[in-house]
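All remarks here apply to the structure that follows.
The values are calculated or read from the model by the stated rules, or taken from the named source; none is laboratory data. Quick caveat: nothing in here was measured; it's all calculated off a predicted structure. All Cβ positions, glycine included, derive from the backbone under ideal geometry; neighbour counts span all protein chains shown.
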């Protein structure tokens, strides 16, 4: 086989994607890097960009507001991904065997994934609203609890966690289910014949085989929860105070409300770098497990 | 699906009544918010802000009537349809080519390239609005046409987050198709492209379907880019949702009505395709 | 005696005539040119200025006044001039980002943009807008006889530069008033109960002590009835709380213009943001949360409006644009016809003197205008449109649709007088007491400083820091930010 000839075809097939991503992705990316080295507030006394080198990044490292949003986002991401992973796994297990109305249950269960984030946020906001929202109303009526996401940080967090779990666990469940179904039966049979108990089965056989799928799911969820904005914004507006203000919203406010393009750009790049590092670690764990063969 | 044997004994953990209880509860939890959205859409503004009532006593049809009579909503729906469908097709095809190349050729730096494509989806979008705005209004400009406020513009920019996602999804699936099949066909003097279309595509069909559906849904639901890069002719239905949040009160009834109408196409898609979901995700190994 | 042929003919005739009626009804709704002014002149001007067939692009907020422009004014204008007008009605931040991006990057996409009264100074500083006065003066063909800058209320002064040239044509204006429930205040049983407890008549409060007593009284009275003593626009995480505090509350205790003096906020540097007066009234305002419904900590101006409309508060500071629909629209409000309007309670009588003399003010005069970006490619044609919506004849129906008044003569229009009666005198109040209110101070650093102050306000509302601490920190942060921006 003529290697260089066939490599050319490979590159040709790959190129349209690279082209689009390159143009749509790289150009803005370089622009943001460029702006990130300037101080640029449209309404400062001195119009226009002022070159400040890496001063923005130095400021960011000490910016307690920004660091606060970063730590909150990481905490949220961690909580959400962990809970969704556990719940998703349990539910995926229960979907492995056929049972009556399984298709119905599964179809309904997947619905949240297709609702627009902005609609998800609006709906949950309505459900949690004081006075006309059913959740605070019935919690008060039946349990005497005072559920106010505008007043209590803990309750606001519970609300956004619930919302995210509602929205994304189906996705996690499906990917885990796919992974579970793809596990070859022979090793499991063999181990069972050898007298392995449930715990050993999971620890040494099932979970390790499931690892790639788990990692892919975690990868995607971490990535998305680190940049999400619309649904949390609609539900709590980042409040009470700034307790549910995450990085995505903070950058949005810096750029649009404060008109600080320079600082906002550098912030964005720092967060991107962060995300890349986290995902690169996950990615390496993932590709380490796959064999690499080609034709 | 063969579910007896050791595997099912070890992996199924609920059975009988407890399983039905679990899934019934889940169904209530899942449908709850959607049901509430529907209830809100049946209420007039004064009723929405009243004490919550779980039952629909009377249906305030004004919300839906206004939405249906609204020429604008119809335009926005059509825009969304065009943009989402075209983008999903474009992305699926391009991703197919790309992943075929990545899995069947040993291209230099393909791992890094693969990782780089995903990074396009990682950045918080706010700071990228301005450069995209500039590109759309200044850089790509011929005579009267510019990318700003054009459906083509949206279709192209959506590739930024959909293409990486599709590539990631399909790569795993194509890797699950044994190379032996390729080799056998190539020995028989088939060309690479023939292998792609005659062997890979049929086997990957469920995966392609699932990729198409998910990218379609993401494109349909996207808000920030659509709002910032469109003005009047390329507005999508999700931007309409945001417009309901006004300074003189959010008309939640109408917002809910539009939200439900905006979600319907996706729900319809879902019900038709749902049998492919699991098949697609198991890389074709399991048929439903 | 109709035979079959005649009957068929009659049927046909009646179908045709009813079709004609329906069609003419459809077309006449877009042919509202007759209802709104000097269309003949505008048609001619469009020809002369070669505007016919051109498309104007605008962006504004999605509010009732903005929607009326879209639904009534624009179709009339299009019919008269043969131009097309594409108006985007979007959310608040989207509108700003698009307008500013366009004007800053000079991309020339928009031909008119909404200018809120508080951002005009920033726009003027950056030379974003075209000088409407001068452009009209330089071009005789452009001057519409039915358009007179002198007819606008003093609100238009907000959109003038140092020379008195106009850069924006007002399209909406409201005052944020002290709104109270007339049904509750006029109820004999309640009045008696109040008098028994506080030894004075139940009337709208004139000072903070009275206001607090009324709030406490109604919260007590309203237990179990879903009624509280006052609204508070105390959302944490959204600038609405900042705005209520700085624009409506602080002035009532003599702290004007955010307490910033010559670019300085701290008392040490000559400002008054952290003065005793500011701290006292801030504490009073946050204290009102005890008498406010539970949604107050999530309430922007929107929620305050809907809270009031749902009958959950006895009194409160409410934006004018909400007053009208709260008082008149039964599909949105449960207290139609049950609200009254009056001047807000003051910290001390000196404030009223200040407001009357012009030295200070006692509340917020809100509103916006349409301006023409200097980078627009259709400045003349856009100015035609600005004059069109600025005609006297257009104002009354617009007022009814959006409860906004920007022209003196509109007050005396019968439509507005009718609405005035229904709102128990909101428009009279705006006309007579309007001069006591004022818009946002002329600060080009408005948004940046707001964003550094706001977090401290949120923390004080959430109880994390004291109100006194909050203002101390806010003033220092404000000084630092203004210094950083070069002011």
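In the range A:75-108, which residue that is free of Cβ contacts under 8 Å to residues at least 60 places away in the same chain and away from chain B (no Cβ under 12 Å) is farthest from residue A:226 (Cα to Cα)? Only one residue tops the list, namely A:86.
For residue C:268, state whether it is more than 14 Å from chain A (Cβ to nearest Cβ) and either without any contact (Cβ under 8 Å) to a residue 60 or more places away in the chain or surrounded by fewer than 24 Cβ atoms within 10 Å (Cβ to Cβ) (or both). So residue C:268 passes the test.
Can you tell me which residue is farthest from the chain's Cα centre (by Cα) among those in the range C:398-409 that are crowded, with 22+ Cβ neighbours inside 10 Å and under 24 Å from residue C:356 (Cα atoms)? Before the answer, list the steps.
Step one: filter the range C:398-409 for residues crowded, with 22+ Cβ neighbours inside 10 Å, giving C:398-399, C:402-407.
Going one step further and asking which of them are under 24 Å from residue C:356 (Cα atoms), we end up with C:404-407.
Values: C:404: 7, C:405: 10, C:406: 11, C:407: 14 Å.
For the range C:398-409, the residue satisfying everything is C:407.
Tell me yes or no: at least one residue of the range C:272-281 is more than 8 Å from every other protein chain (Cβ to nearest Cβ), within 18 Å of residue A:151 (Cβ to Cβ) and out of contact with any strand residue (DSSP E or B) (no Cβ under 7 Å at 6 or more places or on another chain). The answer is no; no qualifying residue exists.
Please pick out the residue among C:401, C:480 that is more than 21 Å from residue C:362 (Cα to Cα) and touching a residue at least 40 places away in the same chain (Cβ under 8 Å).
Details: C:480 fails: touching a residue at least 40 places away in the same chain (Cβ under 8 Å).
From the options C:401, C:480, the qualifying one is C:401.
Is the range C:216-224 home to any residue that is surrounded by 22 or more Cβ atoms within 10 Å (Cβ to Cβ) and either in the same structural domain as residue C:454 (by TED's automatic domain parsing) or outside any strand (DSSP E or B) (or both)? Yes; the residues of the range C:216-224 include at least one that is surrounded by 22 or more Cβ atoms within 10 Å (Cβ to Cβ) and either in the same structural domain as residue C:454 (by TED's automatic domain parsing) or outside any strand (DSSP E or B) (or both). Set side by side, the residues A:131, A:121, A:179, A:150 differ, and just one is at pLDDT below 85 and either assigned to a helix (DSSP H, G or I) or away from chain C (no Cβ under 14 Å) (or both), which is A:179. Applying the set (1) modelled with pLDDT of 85 or more; (2) closer than 25 Å to residue C:302 by Cβ; (3) within 12 Å of chain A (Cβ to nearest Cβ) to residue B:235 leaves exactly one unmet item: (3). Of all positions in the range B:35-46, none carries a residue that is out of contact with any helix residue (DSSP H, G or I) (no Cβ under 9 Å at 6 or more places or on another chain) and modelled with pLDDT under 85.
Any residue at all in the range B:102-117 that's closer than 20 Å to residue B:222 by Cβ, at the interface with chain A (Cβ under 7 Å from one of its Cβ atoms) and in contact with a helix residue (DSSP H, G or I) (Cβ under 6 Å, 6 or more places away or on another chain)? Quick ask: steps written out before the conclusion?
We begin by selecting, within the range B:102-117, every residue closer than 20 Å to residue B:222 by Cβ; these are B:117.
Retained after the next criterion (residues that are at the interface with chain A (Cβ under 7 Å from one of its Cβ atoms)): B:117.
With in contact with a helix residue (DSSP H, G or I) (Cβ under 6 Å, 6 or more places away or on another chain) added as a condition, the list becomes B:117.
Yes, the conditions are met somewhere in the range B:102-117.
Rundown of residues vs (1) more than 25 Å from residue C:458 (Cβ to Cβ); (2) more than 8 Å from every other protein chain (Cβ to nearest Cβ); (3) surrounded by fewer than 23 Cβ atoms within 10 Å (Cβ to Cβ), yes/no style:
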position	(1), (2), (3)
A:125	no, yes, yes
A:138	yes, no, yes
A:169	yes, yes, no
A:174	yes, no, no
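Could you please find all residues in the range C:107-148 being part of a helix (DSSP H, G or I) and under 17 Å from residue C:41 (Cβ atoms)?
The first filter runs over the range C:107-148 and keeps only residues part of a helix (DSSP H, G or I), leaving C:120-125, C:132-138, C:140-142.
Within the range C:107-148, C:136, C:140, C:141, C:142 meet the criteria.
Can you work out which of the residues in the range A:186-199 that are loosely packed, with under 14 Cβ neighbours inside 10 Å and more than 7 Å from chain B (Cβ to nearest Cβ) is nearest to residue A:93 (Cα to Cα)? Even if it seems obvious, please write down each step before you answer.
Within the range A:186-199, the subset loosely packed, with under 14 Cβ neighbours inside 10 Å is A:186, A:189-190, A:193-195, A:197-199.
Narrowing the set further to residues that are more than 7 Å from chain B (Cβ to nearest Cβ) leaves A:186, A:190, A:193-195, A:197, A:199.
Numbers: A:186: 19, A:190: 20, A:193: 21, A:194: 23, A:195: 21, A:197: 17, A:199: 15 Å.
Checked the range A:186-199; the qualifying residue nearest to residue A:93 (Cα to Cα) is A:199.
Residues that are in a helix (DSSP H, G or I), at negative phi and buried (at least 18 other Cβ atoms within 10 Å of the Cβ) are absent from the range C:166-181.
Restricting attention to the range C:325-353, the residues being buried (at least 18 other Cβ atoms within 10 Å of the Cβ) and away from chain B (no Cβ under 14 Å) number 10.
Please determine, by comparing only the residues of the range A:36-60 that are part of a helix (DSSP H, G or I) and free of Cβ contacts under 8 Å to residues at least 60 places away in the same chain, which one is farthest from the other protein chains (Cβ to nearest Cβ). Among residues in the range A:36-60 that are part of a helix (DSSP H, G or I) and free of Cβ contacts under 8 Å to residues at least 60 places away in the same chain, the one farthest from the other protein chains (Cβ to nearest Cβ) is A:58. Among the residues of the range A:123-157, the ones that are under 17 Å from residue C:235 (Cα atoms) and in contact (Cβ under 8 Å) with a residue 24 or more places away in the chain come to 9 in all. Exactly one residue out of A:137, A:199, A:99 is closer than 23 Å to residue B:25 by Cα and out of contact with any helix residue (DSSP H, G or I) (no Cβ under 8 Å at 6 or more places or on another chain), and it is A:137.
Quick one: is residue B:260 modelled with pLDDT of 85 or more, surrounded by fewer than 24 Cβ atoms within 10 Å (Cβ to Cβ), over 21 Å from residue C:95 (Cα atoms) and out of contact with any strand residue (DSSP E or B) (no Cβ under 6 Å at 6 or more places or on another chain)?
Details: modelled with pLDDT of 85 or more: yes; surrounded by fewer than 24 Cβ atoms within 10 Å (Cβ to Cβ): yes; over 21 Å from residue C:95 (Cα atoms): yes; out of contact with any strand residue (DSSP E or B) (no Cβ under 6 Å at 6 or more places or on another chain): yes.
Yes: the conditions hold for residue B:260.
Conditions (1) over 22 Å from the mean Cα position of the chain (by Cα); (2) facing chain A (nearest Cβ under 7 Å); (3) within 17 Å of residue A:227 (Cβ to Cβ), marked per residue:
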| site | (1), (2), (3) |
| --- | --- |
| B:83 | no, no, no |
| B:96 | no, no, no |
| B:122 | no, yes, yes |
| B:145 | yes, no, no |
| B:164 | no, no, yes |
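Of everything in the range A:7-35 that is modelled with pLDDT under 85 and facing chain B (nearest Cβ under 7 Å), the residue that is nearest to residue B:158 (Cα to Cα) is A:24. Taken as a whole, the range C:120-133 holds at least one residue that is surrounded by fewer than 18 Cβ atoms within 10 Å (Cβ to Cβ), in contact with a strand residue (DSSP E or B) (Cβ under 6 Å, 6 or more places away or on another chain) and assigned by TED's automatic domain parsing to the domain that holds residue C:387.
Hey, could you check the range C:307-319 for residues that are part of a helix (DSSP H, G or I) and under 20 Å from residue C:285 (Cα atoms) and say which is farthest from the other protein chains (Cβ to nearest Cβ)? Spell out the reasoning first.
Restricting attention to the range C:307-319, the residues satisfying the condition of being part of a helix (DSSP H, G or I) are C:307-309.
Filter once more, so that each one left must be under 20 Å from residue C:285 (Cα atoms): C:307-308.
Values: C:307: 7, C:308: 10 Å.
Here the answer is C:308.
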